[in-house]
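One structure is given here, and the rest of the page talks about it.
The values are calculated or read from the model by the stated rules, or taken from the named source; none is laboratory data. Owing to the predicted nature of the structure, the values given are computational and were not obtained by experimental measurement. In this analysis, Cβ positions are derived from the backbone assuming ideal geometry, glycine residues included, and neighbour counts consider all displayed protein chains.
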Amino acid sequence: MALSAAPGIKAAIPKMAKERLRIAIQKSGRLTDKSLDLLSRCGLDFARSKDALFCFGRNMPVDLLLVRDDDIPGFLAEGICDVGLVGDNVAAEKACASFFSGKPSQAKTVQRVRGLGYGACRLSIALPQEYAYHHLGDLQGMTLATSYPALLQKFLDEQKIEARVIYLSGSVEIAPRLGTADGICDLVSSGATLAANRLQEVHTLLESEAALYQRDLSAETKKQNILNVLLQRLNSVLQVSASKYVMLHAPASQVAAITQILPAAESPTVLPLEGTTQRVAVHTLCRENVLWEHLEQLKAIGASAILVLPVEKMLA
């Protein structure tokens with residue numbers, strides 16, 4: 001299970017100029033729409049090819065590959081793409097599988113740059129609800145079904161637990177009911193699927209989210225410069241998604257208290273109000289989401305006319 005590209009993929013991708021950055025994302029699945037939306041908010045505009053595999057960047061030297069998510073780490077390792085937006089769970093499984101295959105150097109060529117704030121989930125072991133679980137030692141001798149055999153085997157080896165690992169490509173959660181496994185190791189988001197199948201989550205192996213990974217571009221200055229511009233935009237977009245611009249009227253004596261209440265507030269702009277020296281207008285940028293509790297605290301110290309506005313673009 002080394003990091004390798006799908007057969008024939010190189011032939012299927014149009015020849016691209018060497019200086020153009022290549023980004024790979026999941027073609028269809030839970031990360032696709034949010035990945036495309038994120039790139040769009042970064043100002044990237046793509047023309048899609050007929051086979052929907054390759055998208056040409058029209059306004060930046062950046063091209064897009066739409067592929068299976070579990071192919072992305074291999075594409076990065078082999079230099080087919082330069083950047084990948086992929087779940088940490090997929091990247092970790094492929095890196096672990098590469099290690100077991102005796103080719104750990106391939107995994108080392110791929111670097112995690114930053115999380116993207118969506119696609120949050122966790123890889124957890126779950127057992128039937130009727131099982132009285134106490135500690136990891138209870139897994140000894142069990143059969144566990146999973147789509148992440150390398151990560152699970154690595155965990156069991158580290159914990160010195162002897163258990164049988166069987167690979168299932170889908171519908172892992174029904175394995176205990178079918179009698180093919182005692183428990184499972186699978187991705188969990190809300191836990192609703194586990195509950196529907198009468199399973200209890202007993203241990204988490206990995207916390208995961210969508211993340212940006214890249215291959216080593218130290219010898220390719222043009223591509224690294226393009227990526228640096230993209231990362232600057234990306235950081236701004238992700239910061240903006242949680243940031244709010246707050247405007248309010250308040251007693252002049254409460255300006256310091258206001259900045260303490262508002263989350264991650266920058267130094268405020270304080271303006272005089274016509275006809276009074278006792279109250280002022282306060283404008284500030286909050287780099288975290290502003291909750292109802294914050295507004296109620298502001299109201300309690302005398303603030304009024306409180307407006308919370310979304311931030312469309314921001315370049316720090």
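Criterion applied to S241, S218, S208 was being of a type in the set (S, T, N, Q), buried (at least 18 other Cβ atoms within 10 Å of the Cβ) and more than 23 Å from A300 (Cα to Cα), and the one residue passing it is S208. Please work out if L65 is assigned by TED's automatic domain parsing to the domain that holds Q26, in contact with a helix residue (DSSP H, G or I) (Cβ under 6 Å, 6 or more places away or on another chain) and either outside any helix (DSSP H, G or I) or on the phi > 0 side of the Ramachandran plot (or both). In short, no. At least 1 residues being farther than 30 Å from L36 by Cβ is the threshold, and among the helices (runs of 4 or more DSSP H) wholly inside the stretch 211-309 those reaching it are 255-261, 292-300. Of everything in the stretch 151-180 that's closer than 23 Å to G87 by Cβ and part of a loop (DSSP other than H, G, I, E, B), which residue is modelled with the highest pLDDT? Checked the stretch 151-180; the qualifying residue modelled with the highest pLDDT is L168. Restricting attention to the stretch 21-60, the residues being at pLDDT 80 or above, part of a loop (DSSP other than H, G, I, E, B) and under 24 Å from the mean Cα position of the chain (by Cα) number 11.
Within the stretch 22-42, the residues that satisfy the criterion of being of a type in the set (D, E, K, R), over 15 Å from R68 (Cβ atoms) and out of contact with any strand residue (DSSP E or B) (no Cβ under 8 Å at 6 or more places or on another chain) are D33, D37, R41.
What number of residues within the stretch 117-147 satisfy the criterion of being under 22 Å from the mean Cα position of the chain (by Cα) and free of Cβ contacts under 8 Å to residues at least 60 places away in the same chain? Reasoning before the result, please.
Of the stretch 117-147, the ones under 22 Å from the mean Cα position of the chain (by Cα) are 117-125, 146-147.
Next cut, free of Cβ contacts under 8 Å to residues at least 60 places away in the same chain only: 146-147.
Residues meeting the conditions: 2.
Go through the residues of the stretch 227-248 one by one and say whether even a single one is aromatic (F, W, Y) and either closer than 30 Å to L187 by Cα or within 15 Å of the chain's Cα centre (by Cα) (or both). No, the stretch 227-248 contains no residue that is aromatic (F, W, Y) and either closer than 30 Å to L187 by Cα or within 15 Å of the chain's Cα centre (by Cα) (or both).
Here is a check on your reading of the model: is A181 free of Cβ contacts under 8 Å to residues at least 40 places away in the same chain, more than 30 Å from I23 (Cα to Cα) and in contact with a strand residue (DSSP E or B) (Cβ under 7 Å, 6 or more places away or on another chain)? Steps first, please.
Values: free of Cβ contacts under 8 Å to residues at least 40 places away in the same chain: yes; more than 30 Å from I23 (Cα to Cα): yes; in contact with a strand residue (DSSP E or B) (Cβ under 7 Å, 6 or more places away or on another chain): yes.
Yes; evaluated as a whole, the condition is true for this residue.
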